[in-house]
Amino acid sequence: MRRLDKFVVGVDQGSIVLFSDYQHGGAMWTGSGPRELRQLVSFSERYATPPAVQVTISMWDMDKKSNQRADISADMVTEEGFAVVFRTWGDTRVARVRADWMAIGELPSEDDWDVR
């Protein structure tokens, strides 16, 4: 469990279309084997420390002729943003994916001291 030390807690959220590979024959739609896509997200305000980030698939469009395999996560979380990571593998064909995310963490306060 993460314990927040600040009185000022921020919640930021968003939704992004990661790709629409069926439109241009991209690797998620035409490829096979391990595939990965990363997209950077910036928070609307800077956090005091790296926040907890949750990422979910809010829309997917997959070919019904193959197994539907997907892995989505947050990586490289900093006070300013993170990377959404989508992975698939095998013969899965993914036409498009939209991801929703939420970040919860400590915000800077005017009472903070900068002793650098």
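One line per residue, one yes/no per condition, for (1) among the acidic types (Asp, Glu); (2) over 14 Å from the mean Cα position of the chain (by Cα); (3) closer than 19 Å to Ser15 by Cβ:
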residue	(1), (2), (3)
Gln54	no, no, yes
Lys65	no, yes, no
Arg87	no, no, no
Gly90	no, yes, no
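Report, by residue number, each residue of region 1-33 that is touching a Phe, Trp or Tyr at 6+ places or on another chain (Cβ under 8 Å), over 22 Å from Phe82 (Cα atoms) and surrounded by fewer than 12 Cβ atoms within 10 Å (Cβ to Cβ).
Gly33
Answer yes or no as to whether Ser15 is part of a strand (DSSP E or B), without any contact (Cβ under 8 Å) to a residue 60 or more places away in the chain and among the polar types (S, T, N, Q).
In short, no.
Would you be able to say whether some residue in region 67-83 is more than 13 Å from the chain's Cα centre (by Cα), acidic (Asp, Glu), outside any strand (DSSP E or B) and exposed (fewer than 14 other Cβ atoms within 10 Å of the Cβ)?
Yes.
What are the pairs with Cβ atoms under 7 angstrom where one residue, in region 22-42, is under 13 Å from Val94 (Cβ atoms) and the other, located anywhere, is among the acidic types (Asp, Glu)? Sequence gap at least six, or different chains.
Close Cβ pairs satisfying both conditions: Ala27/Asp21; Met28/Asp21; Trp29/Asp21; Ser32/Asp91.
Rundown of residues vs (1) of a type in the set (A, V, I, L, M, F, W, C); (2) touching a residue at least 60 places away in the same chain (Cβ under 8 Å); (3) farther than 14 Å from Glu36 by Cα, yes/no style:
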site: Thr49; (1), (2), (3): no, no, yes
site: Ile57; (1), (2), (3): yes, no, yes
site: Gln68; (1), (2), (3): no, no, yes
site: Val84; (1), (2), (3): yes, yes, no
site: Arg98; (1), (2), (3): no, yes, yes
site: Ala103; (1), (2), (3): yes, yes, yes
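We did not get these values from a lab; they are worked out from the coordinates using the rules stated. In this text, all values refer to a predicted model and were calculated from it rather than measured experimentally. FYI the Cβ positions are ideal-geometry reconstructions off the backbone, even for glycines, and counts take in every protein chain you see.
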